[in-house]
Structure formats: C-alpha cells, structure tokens
Amino acid sequence: MIKNLILYCLTFLFCGFIFTQTNEDYVKYVNPLIGTDTSFELSNGNTYPAIARPWGMNFWTPQTGKMGDGWAYTYKSDKLVGFKQTHQPSPWINDYGAFSLMPSVGKLSVLESERKLKFSHDNEIVEPHYYSVILDEINTKVEFTVTDRSSFFKFNFPKSENSNIIIDAFFKNSEIKVIPNENKIIGIAKNNSGGVPENFANYFVIEFNRPFKKSGVWDGRGNIISKNKLSGKHVGAYVSFDTNDNGLVEVKVSSSFISHEQAWINLYRELPKSKKFDEILAEGRKSWNNELSKIKVETEDTDYGLSNKIKFYSCFYRTILFPRQFHEYNKDGEQIHYSPYNGEILEGPLYTDNGFWDTFRAVFPFYTILYPEKLGEIMQGIMVNPYKESGWLPEWSSPGHRDCMIGSNSASIIAEAFLKGIKNFDIDVAYDGIINSSENEGPLSSVGRKGAFEYNNLGYIPFDSSINENVARTLEYAYNDFSIWKLAIELGRPKSEIELFETRANNYKNVFDSSTNFMRGKLKNGNFQSPFIPDAWGGAFTEGSSWHYTWSVLHDPQGLINLMGGRKDFVKKLDEVFTSEPTSDFSYYGFKIHEILEMELLNMGQYAHGNQPIQHAIYFYNYAQEPWKTQEKIRYVLDNLYGAEADGYCGDEDNGQTSAWFLFSSLGFYPVAPVTMEYVIGSPLFNYVEISLPNGRKFIIDSAENTNENIYVDNVKLNEKHYNKNWLHHNDITNGGKLIFNMKNTPNFDWGSSESSIPYSMSNE
C-alpha cells in the first residue's frame, strides 16, 4: 500500500507544472481519491474527486454513477459515463445544475447505459486542479483542468471519421442548442434536489476549437434528432469530428446561474483565447500551492511520515472546497449573484453548499486562523445576504435552504468570527438573524429552531412532544445560546437580553439524568422517559445515541463534571465510551444506518468518530485533568481511522469537517468550543510545523522527538517559557510565536493536570 503511495506522489511530482526546489509542490501530496471507496451502506468518506479551484463555483468530476445518483464516482466502479460539472456537497444532499461531456468513437450511443466505457485507475491521474484518463476501448485520452467557473478539456482521439463528444444536459427539464457555424453549444440544466425557486437554472456554454463534421440533439429515450435545438424533461446534444489528420479536440466550458451572457463573460474572462491549456493548468496548480503552502509540515523520512503528509494535505484540500462561491462578476467586474432564496439577481457575495451542524466545529475555526479576511466575505455571503433574501439564517444551504440536520449553529459561527476580530461583515443584520432564529420555528425543520416555544418556556424540548431528536436539539440550542450570550456581551446588548441567553445556555442540565449519568429524554411533566436504552440511536438523538450526546456540552465540561458527581466519576464515564461494547438499538430506523456500522468497525467502543456529535469528546480528558488520555486516543485516531488511500475516512467527510478535525488534531490542538477562543491541546503528529499567518507572522510548532511511539506530551514551551496549561488561546496562535512539544513514549501525569491548567468552562466563569 505504501509503495503505491510513493508512486502516487512521484506521478504528481512529474505531472504538469513542477515547482523548483525552493518552492515545494504541496499538490503532489494531495490525493483527491481519498474517501471515494464508499457506498450507501458504508461510508469511507462519501467523497468524489472534486477537480476545482479553492472555493470554486463549479467543480468537475469523472462520473461512474447514473444521472442523479449521489454517489457520482465510486472507486470500485470500472466504467465511466461522463465528465460532470457538479455542485454536490454531499451524496445525501445530492447535486444541482449538473451536466456532462463524454467522448465516443464510431457508432453514436448517447444514453448512459450505452455510452459507458471501461477505465483503470492505472491510467488515471487525479489532482485537485487536473484530471486525465485513457479510455482504452476507444483509444482516447481525456484531460481537463479548471478555473473558478470554467473548465478546459482536451480530447485526444484516434484516427477516425467519427470521433464524437456527447453533451448530456440531464433530467428535470433541460434545453440545448447547437450553433454549428460558431463551433458552440449552449444549454440550460435545471436539475436540482431542492433549495431553489421556480426560476432556477444553470446556463452553460461550450466552445470547440474546430468545426463539426456532424451535430444534432437527442432526447431522454436516446432518439437522435437532426436539428439543432431541443427542450424537454431530458435532452442532450452531440458533435462529431473527422480526426484522421488530427485527433486533438479542445473544448472550453463555463456556466452561470444568471444567464448565457454571464456564462460567456465567465468563460472569456477565465479562459481567454490567449491562454493555452498548459498555462491554465499551471495557474490551477499554483492556486492550490498558494493555499496549501500556508501550512508547512515536516515529518520523519519514512513511509509513515509520507502517509501522514498525504493525509494532511488531502484534508487541507477538502477543507477549502466548501463553502463554494455562488457569486459571479459582471462585465464591469462587479460582484453579483442569483439568489436561490428569492430568485432575484442581486449585488454582493453569496456562498453556499454547507451544513453548519458539521462545519461549525472545526472548518470555520480553521478559517479564523488562516483566512480571517476571506471568512468575513464568506460571512456576508453565507449568513447576512441569505438572511436579507429569505428572512432566515441558513443551517444547511445547497444552494438555498435545505431541510437537513438540527441546531441553530449559524449563531456559533457568527459569534466566533466576530469575537475573533473578524468585522468585515454586517454584524447588526447577522445578530438580528440570530435573535429571529432563537425565538421562532422556520419554514423548514432545520431553519430557525424546531421546538423553539417548548425550549424557551420549559428549558428543554419534551420527549413526549411531536418533535423528534428532542434531546439533541436541547443540547445544541444550549451551546448556541452560550454563543449568543458571549456575542451579546461583546455587542453591549441590554442586560435583560444577556441574562436571558446566559440562563438558556444552562438548559443542558435539564436533560441530564443523574441516576444514569446520561442525557435522557424528559417528559412534559418533568419525569424522564422510560424505558431508557443508552445505546438507542435516533429518537431523542440525531444520528447517534445518548453515549454520544451526553458529551454535547461544549461550553461547560466542568458543569457536566459537576452533574456526574465529580472528576473521577466523569473520567470513569468517559473511559466507558471507549471500553464498552459497540452495541446499538437501531429500532428507530429499522435497520443499521451506515453510521452504526462505521462505529462497529472502529474498535473504539461506543466512540463513533465517523459522525460529528462525539468527535470532540476525546479532548474532554483535559478538562478532567488527565490530558495523557487525550493524547493517547488522539494519536490512535490519527494513525488508524484516517488513511492515505481511497478508503481513508471512517465515515462521511462532511464538507471538510472530518478533514478539519484531522488538520487541527495533527497540529496538536482542537477547538472544542469555538466561541471560547480556546484550543485544547492533544498530541501533535508532525516533527515541525510552520503556519504562515495572514498578518505576515509565523506560528511554529516544534515536536522534534515526535514519532509513532512518542505520542505523549512530556512538557511544553510557548515562546521559550514553560507552559503548563493544556490549552492555547486564539491570540497565542495568531500573534505568531513558537510552541515546543517535548514528546515521550510514556505519559507525564503531571503536565497539564492541575486545576489551573484546564480550559474554559462556563461554570468556572
């Protein structure tokens, strides 16, 4: 396996634009295929190879699945049906505005079932900005590279009188028009999975570098029609070339959610006629290296070290794909966007394709360190403008509001950004949106707060109400209210308002059962629901059980320690998470959902790293003055639950969250409660890390004695001073400096274990 990794890196090194020795090529460490060896039944990432620019509006991917299948590309598949423009953030959310191109030679077969061709990973090159594959059945090489909104294809056909390119505008209503005298095709793809107004459309344009020998359109039954325009539920087009003299056909593609005119603007601005394929390819590689080089990691020169580098930079790549740009730039260079919230064309930025239930935990905290200015624009584009356009803050957007997951975690993201000094967004509008969401149910169960009336009046959502996932919602709302409390103080809001959210932040206590030391459903009459099954998934909880949600007190671990009877009982309970059998009652679902199966495979008891609710819990040992246990378990997860090949995740990757967990944890710290401004120390993975901060400073992490055996922190120095706290403040990092870890193969029970060493808890305020 490691030999394959080495070959993979060497392939990257010698493919495309090669950096000099003084400018390291970090792209060579990115494997976009990690997470693609997956399925509906069992997720090893549920990713696809996203060929894109960082935060690009349009991604492209090779397609092995059927049109509309959320599993667009799976590693075990051996046939391709097209090369697809995609905006899919998750297979569970699915795609929108998709269309594809696919070559054929000889007989023209347009439908997926007929045009699919075998391929081999041995003949495939996959990089963040570039994809190529050789289709042996037709002796054709396909290559493409991308910009933010456009793509540049090279089809290298064999000698043939009939070399074809099939354009599929997909289902759910589409239009296509061939313009032979201009070597162009334009079309409209209206396919979506929800979250759009009636007038939603993706307007695409395609320009070829040579005339067509033949062309036409086709319908969803595969009927080829000898005319140049067609609309219907499912339509497409084809163009044919005589490639006996020259097999190369170059194709430029772009799209817009605004108009065909805007799509042409996007195309000619990003792929000007003066630039050749290799120039765009080099620019794409440079754009990724510009981002990836902001964190330089060094490790031992071993297979283990190489594997860790691949994991790190592949996770970095995933973390800065979403949220994607949804805005465009008009002919005057002004930022405009089609609003998926009200169907209008409006000024300003828009970002989308994000589920905050996942990403508030580590993705957005990562941006506060490395991309504060960018994050300000994202906040305006993913919070403020959607609120202005719909009357609600998003919680899952793709491209507009989607009914998925729980919580009102937009509050945490907004509060964290502002508290960390990010001010280039309209905080007044954002705060108004926060208050609106805290008091009201929205048009979808995931927008606003489902159960807001019950929560605000009782202090919890009753188990015997009509609202499912009631305990999970109560716990998440409590952390969100803590976030609002902190932000309200910063904004100088009225005392009564501040006190209200301070009170609500303690609502987690209302669903804690001291007789079992578990979070538990509570009835309207104040009694706990019975019978209680701690490993029952669903019902009162979201994609987990009480084993997972009992630790969802991000802002007040000390309060949870107190509820459990003190530090020793808390640690005992936390230990049981990792030592208990991975049992589950899945009667709520009727079958074992993939998250349950993934937990069973981890060999970590009830700990389910493949899903978000418990990902932070390993760091809770720090709050209980036993940080060595955090260190031990962190390194186990980093080494065993993440991999450098196609099956490299232990559950859904989720818009960068599972990747961002790896990034932070491998650096040696993690934002358990992002709003607190603190990062809890774990066990660093690399010997040396250099973070280039946007203020021009550097933050160095030196762990010279770090190995796969030396996993325990013996002592720490921060800026040459002995440091015994088991957490870092945000400013410790962003001000620049040097953090030195001395690592050993045995625990130091004294370091970071005093009462004065522990991170923030609301109860200690």
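The values are calculated or read from the model by the stated rules, or taken from the named source; none is laboratory data. All of these numbers come straight from a predicted model, not from anything done at the bench. Cβ atoms come from the backbone with ideal geometry, glycine included; neighbour counts cover every protein chain shown.
One table, with the values for the structure above:
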quantity	calculated
Residue ID - farthest from GLU328 (Cα to Cα), chosen from residues in region 222-244 that are in contact (Cβ under 8 Å) with a residue 40 or more places away in the chain and either acidic (Asp, Glu) or part of a loop (DSSP other than H, G, I, E, B) (or both)	ASN244
Residues that are surrounded by fewer than 21 Cβ atoms within 10 Å (Cβ to Cβ) and either of a type in the set (Ser, Thr, Tyr) or touching a strand residue (DSSP E or B) at 6+ places or on another chain (Cβ under 8 Å) (or both), drawn from region 744-753	LYS744, ASN745, THR746, PRO747, ASN748, SER753
Which numbered condition ASN308 misses (of (1) within 20 Å of ALA50 (Cβ to Cβ); (2) in a helix (DSSP H, G or I))	(1)
Residue list for region 120-144, restricted to those being assigned to a loop (DSSP other than H, G, I, E, B), farther than 14 Å from PHE277 by Cβ and in contact with a helix residue (DSSP H, G or I) (Cβ under 8 Å, 6 or more places away or on another chain)	SER120, PRO128
Condition check for ASN622: over 22 Å from PHE356 (Cα atoms), surrounded by fewer than 24 Cβ atoms within 10 Å (Cβ to Cβ) and of a type outside the set (Asp, Glu)	no
Subset of region 71-116 (residues that are in a strand (DSSP E or B) and more than 15 Å from THR140 (Cβ to Cβ))	LYS84, GLN85, THR86, PHE99, SER100
Residue within region 490-502 that is of a type outside the set (D, E, K, R), outside any loop (DSSP other than H, G, I, E, B), crowded, with 17+ Cβ neighbours inside 10 Å and out of contact with any helix residue (DSSP H, G or I) (no Cβ under 8 Å at 6 or more places or on another chain) present	yes
The listed residue being of a type in the set (Asp, Glu) and under 30 Å from ARG697 (Cα atoms), out of GLU270, GLU279, GLU261, GLU298	GLU298
Unique match (being assigned to a loop (DSSP other than H, G, I, E, B), surrounded by 16 or more Cβ atoms within 10 Å (Cβ to Cβ) and in contact with a helix residue (DSSP H, G or I) (Cβ under 8 Å, 6 or more places away or on another chain)) among TYR341, TYR317	TYR341
Some residue of region 513-525 being within 20 Å of HIS555 (Cβ to Cβ) and in a helix (DSSP H, G or I)	no
Test: residue in region 615-633 that is acidic (Asp, Glu), assigned to a loop (DSSP other than H, G, I, E, B) and without any contact (Cβ under 8 Å) to a residue 60 or more places away in the chain	no
Checking MET67 against (1) without any contact (Cβ under 8 Å) to a residue 60 or more places away in the chain; (2) in contact with a His (Cβ under 9 Å, 6 or more places away or on another chain), the condition it does not meet	(1)
Out of GLN21, GLN85, sole residue that is crowded, with 16+ Cβ neighbours inside 10 Å and either modelled with pLDDT of 95 or more or within 25 Å of LYS296 (Cα to Cα) (or both)	GLN85
Complete set of residues in region 605-614 that are outside any helix (DSSP H, G or I) and under 16 Å from the mean Cα position of the chain (by Cα)	HIS609, GLY610, ASN611
Residues (of a type in the set (Lys, Arg), farther than 24 Å from VAL235 by Cβ and over 15 Å from the mean Cα position of the chain (by Cα)) located in region 45-102	LYS76
Of all residues in region 212-242 being modelled with pLDDT of 95 or more and either out of contact with any strand residue (DSSP E or B) (no Cβ under 8 Å at 6 or more places or on another chain) or of a type in the set (Lys, Arg) (or both), the one that is surrounded by the fewest Cβ atoms within 10 Å (Cβ to Cβ)	ARG221
